[in-house]
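The values are calculated or read from the model by the stated rules, or taken from the named source; none is laboratory data. Not measured: the values here are computed from a predicted model. As a convention, Cβ positions derive from the backbone with ideal geometry for all residues, glycine included, and neighbour counts pool all protein chains shown. SASA here: full protein model, heavy atoms, side chains in, ligands and nucleic acids out. Shrake-Rupley method; radii C 1.70, N 1.55, O 1.52, S 1.80 Å.
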Amino acid sequence: MKKFALCLMALLGASFAEAKVTLPQLFQSGMVLQRGKVIPVWGKAEAGETVTITFNKKVYTVTAGTDGRWRVDLPKMKAGGPYQMMVNDQAIDNILIGDVWLLSGQSNIDVHIERVYPQYASEIDTYENPQIRMFRVQNETDVHGVRDDIRPTSVNWKSVNKQNAWPFSAVAYFLGKRMFEKTKVPQGLIVNSWGGTPIEAWISKDSLEKDYPQLIRKTQIYQNDDYVRAQMRANGEASKQWQTILDTNDPGMLQGWNSSSYDDASWQQINQYNWGWRGTGTIWLRQHINIDKAHAGQPARLLLGTLFDQDVTYVNGKEVGHTYYQYPPRRYDIPDGLLQEGDNVITVRFINKFGQVHFIPEKPYMLCFGDDRCSQNPMPKDVIPLSEQWRVHVGLEMPSCPSGDVSLQNLPTTLYNAVLYPLAPYAVSGVVWYQGESNTGNPAPYADYLKKLMGCWRDRWQNQQMPFVIVQLANYDGRQQTGFPRPITPQIEPMNSGWASLREAQRIVAKADSYAELAVINDLGETVDIHPLRKKEVAERVGQCFDRLIYNNKVLLSPEVVASKVNDNSIVLTLDQPVQPGEVYEFEVAAWDGDKVFQNIVASAAGNQITLTLPQDFHPMSKIYAVRYAWKDNPIKANVRSLSGLPMSSFELIINK
């Protein structure tokens with residue numbers, strides 16, 4: 001009996017010794033804490049355990065509750081550091097006090113420095129700053145309810161340099177750099193995004209269930225974990241089997257179609273912009289290119305624009321790169337000695353599971369040489385353009401790959417539960433919300449969704465004045481993704497635009513919220529790329545919004561209409577600031593009490609007014625007019641700009657005569 005008691009005591013002692021205070025994943029060495037605000041520190045321990053926090057020469061104690069939770073609010077601090085924090089026996093080192101920004105949304109927040117590097121090569125190569133720290137929240141979902149913490153990762157807070165920033169958000173990187181240059185205080189950047197996700201995934205259950213119960217029921221369908229695991233496993237096995245059959249039976253692989261010696265003279269010739277293959281499986285393309293003596297043997301970079309969907313690319317039989325989905329630019333490095341004098345062969349093996357294989361227009365297709373070959377701003381001096389002509393041969397046609405995809409990240413509440421809720425109450429200076437592309441198919445409820453998102457996030461942080469900067473959708477013409485004839489003609493006539501409708505929802509919500517601003521970027525997009533690369537300019541406009549929200553409310557942002565008047569033959573819009581003078585485009589007018597058919601209209605700007613000239617026969621008895629500006633997916637002619645160059649947002653305005 002005595003021996004048993006001694007063993008029990010030993011076990012209990014070991015258990016108590018192993019009991020450990022746990023902190024959220026955000027609390028790691030190298031973190032940045034928000035200046036000028038109370039600093040919450042929280043975590044878990046054994047019920048009733050005393051937790052001691054030592055920080056900035058002061059000691060704080062708290063007792064864990066019956067549920068094991070504890071929290072201490074440290075007093076406000078000025079910017080500075082580095083500091084050490086001790087939580088019982090755990091040390092958190094190299095802590096800075098400064099400004100913390102939370103950036104969230106879908107893939108345009110996620111676009112990495114690696115993707116935009118050619119736009120800003122010299123700047124990224126030379127910049128490093130230990131005062132700017134980056135934290136990437138790991139993707140996770142939860143269909144059941146909110147989580148206590150985010151998914152752990154081995155390395156969390158990292159300081160800014162080229163290597164650390166390479167897989168990090170470009171918008172966040174440039175925002176941190178810009179805000180540091182302005183404030184000279186440390187910057188903490190928390191990126192919490194997931195490509196392709198709708199706004200509903202980021203909103204709490206409490207916010208949705210009253211007005212949108214069907215969305216909650218949609219999530220409940222997937223609360224059977226056994227079903228989800230089985231479906232995901234089945235999808236993975238189906239995809240793996242499809243790929244195995246493709247690779248083992250593709251005649252291009254079996255017959256060496258990627259070889260420089262293969263005779264492709266009998267293959268069909270096509271123009272890359274007047275061609276598209278809708279088959280499922282593989283199709284091979286080859287192009288011969290002559291290399292002169294000066295370039296033979298030299299290292300090069302092959303720019304293959306952007307391709308839909310997957311590709312494996314070879315030069316003279318050697319694989320130089322592969323990409324497994326449609327969006328990344330194809331930039332493949334060719335090593336020394338591979339290019340030979342005379343004939344060389346570029347071979348592209350397209351792998352297609354859906355849609356229409358095609359080349360994206362308005363992208364670079366060339367071989368780049370020289371020390372500047374990795375730059376695209378400006379383009380390298382020494383380039384050899386590729387031809388638009390390719391030889392083509394179908395490889396192996398396959399049945400469609402079975403798919404019963406379970407994309408939990410696209411379900412309502414799942415991201416709020418798993419990756420947003422656990423971040424609070426970590427103090428932040430402001431939030432950047434850059435999302436909306438996935439909701440353009442049904443923009444009608446977006447304004448309400450956005451208000452609910454901002455409301456439930458502020459509730460979670462218990463801060464109804466938490467600043468939000470909403471990044472408005474950029475200009476983009478999605479027709480190129482649907483097999484639309486290329487090159488794409490500009491959108492000229494008035495149209496019903498889901499993109500413009502969603503931009504309007506973003507504008508209306510931002511305008512109605514005293515603690516929100518709209519970053520207008522309808523001039524920073526690309527006609528053919530849903531992920532435009534000018535992220536430094538996006539970050540600059542986000543920073544200007546925070547300047548106004550946090551530091552100086554007199555900062556002028558994008559021009560806004562503040563008054564309107566209908567005259568006999570014109571409509572005059574008064575703006576909140578002067579704009580660049582001259583003829584302005586993308587204005588449309590409709591008579592509200594007529595047939596409400598919009599038509600393009602001549603307009604001119606002078607001072608802080610824009611005058612729209614009405615045709616003489618334009619519904620002379622009308623009492624109400626509707627005016628739209630830049631109401632297109634891709635309003636490339638929109639040119640109303642402030643004197644500092646900021647573009648005006650698209651809008652729809654109802655005017656009483």
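Structural remarks
- Under 5 Å, built H, 5+ apart or other chain: amide partners of VAL320: THR313, TYR314, VAL315
- What separates the Cα centres of segment 120-153 and segment 568-628 is a distance of 46 Å.
- Close amide H partners of GLN376, meaning residues 5 or more places away or on another chain with modelled amide H under 5 Å apart, are GLN119, ALA121.
- Heavy-atom accessible area ranking, 1.4 Å probe, most first, across ASP343, ASP89: ASP89, ASP343
- Whole-number percent relative contact order across the chain, with pairs defined as alpha carbons under 8 Å at least 6 apart: 13
- Label sites at ASN56 and VAL562, each approximated as a point 7 angstrom past Cα along Cα to Cβ, lie 4.0 nm apart.
- When nucleic acids and ligands are ignored and a 1.4 Å probe is applied, THR219 ends up with an accessible area of around 10 Å².
- Protection proxy ranking of 329-339, 522-532 - average other beta-carbon atoms within 10 Å, highest first: 522-532, 329-339
- Gain on full extension, evaluated as 0.36 nm per residue between TYR262 and HIS322 minus their Cα-Cα distance, stands at 19.5 nm.
- Computed on the Cα atoms alone, the convex hull of segment 153-283 gives a volume of 312 cubic angstrom per residue.
- At a probe radius of 1.4 angstrom, the accessible area of segment 94-140 per residue rounds to 28 square angstrom.
- The THR183 and THR66 beta-carbon pair, evaluated with R₀ = 30 Å, returns a calculated FRET efficiency of approximately 0.10.
- Cα gyration tensor shape for segment 482-587, rounded if a/c is under 1.5, else prolate or oblate: oblate
- Segment ALA91-VAL597, length gained on full extension (0.36 nm per residue, minus Cα span): 175.5 nm
- Shape of segment 268-411, Cα gyration tensor, a/c cut at 1.5: prolate
- Using a Förster distance of 41 Å, the FRET efficiency for GLN241-ILE270 (Cβ separation, nearest 0.05): 0.85
- Convex hull volume of segment 32-170 per residue (C-alpha atoms, cubic angstrom): 140
- Sequence-distant residues sharing a close amide H with THR280 (under 5 Å, placed H): MET398
- Inter-part distance where segment 496-541 and segment 387-430 are each reduced to a Cα centre, Å: 22
- Residue by residue, segment 374-387 carries 3J(HN,Hα) couplings of 8, 9, 10, 9, x, 5, x, 6, 10, 9, 10, x, 7, 7 Hz when phi is fed to the Karplus relation 6.51 cos²θ - 1.76 cosθ + 1.60 (θ = phi - 60°); x denotes Gly or Pro.
- Solvent-accessible area, 1.4 Å probe, carbon plus sulfur percent, for segment 254-313: 42
- Prolate/oblate/rounded call for the chain, Cα gyration tensor, a/c under 1.5 rounded: oblate
- Relative contact order (%) - segment 144-277, alpha-carbon pairs under 8 angstrom, separation at least six: 10
- Remark: C-alpha extents of segment 145-187 on the principal axes read 39, 23, 16 Å, sorted largest to smallest.
- Packing-based ranking, highest mean first, of 194-201, 99-106, 316-323, 556-563 given that Cβ atoms within 10 Å are counted: 99-106, 194-201, 556-563, 316-323
- Accessible area (Å², 1.4 Å probe, nearest 10) - HIS295: 30
- Residues in segment 65-82 reached by a label modelled at ASN463 [backbone nitrogen below 17 Å; 7 Å Cα→Cβ]: 72-80
- Modelled label positions at GLU128 and SER400, each set 7 Å beyond Cα in the direction of Cβ, lie 5.1 nm from each other.
- Label positions at ALA234 and SER570, each projected 7 Å from the Cα along the C-beta direction, are separated by 6.7 nm.
- By the rule of a C-alpha distance below 24 Å, with chain neighbours fewer than 8 residues away ignored, the lysines paired with LYS20 are LYS44, LYS57, LYS58.
- Segment 582-657 - percent of accessible surface contributed by carbon and sulfur, probe 1.4 Å: 52
- Sequence-distant lysines (8 or more away, or on other chains) whose Cα lies within less than 25 Å of LYS536: LYS158, LYS162, LYS177, LYS182, LYS184, LYS363, LYS381, LYS511, LYS554, LYS632, LYS637
- Solvent-accessible surface of protein heavy atoms, probed at 1.4 angstrom with all chains present, puts THR347, THR61, THR440 in the order THR61, THR440, THR347, largest first.
- Selection of trypsin sites (Lys or Arg not before Pro), segment 268-316, meeting DSSP coil and at most 15 other Cβ within 10 Å: ARG278, LYS293
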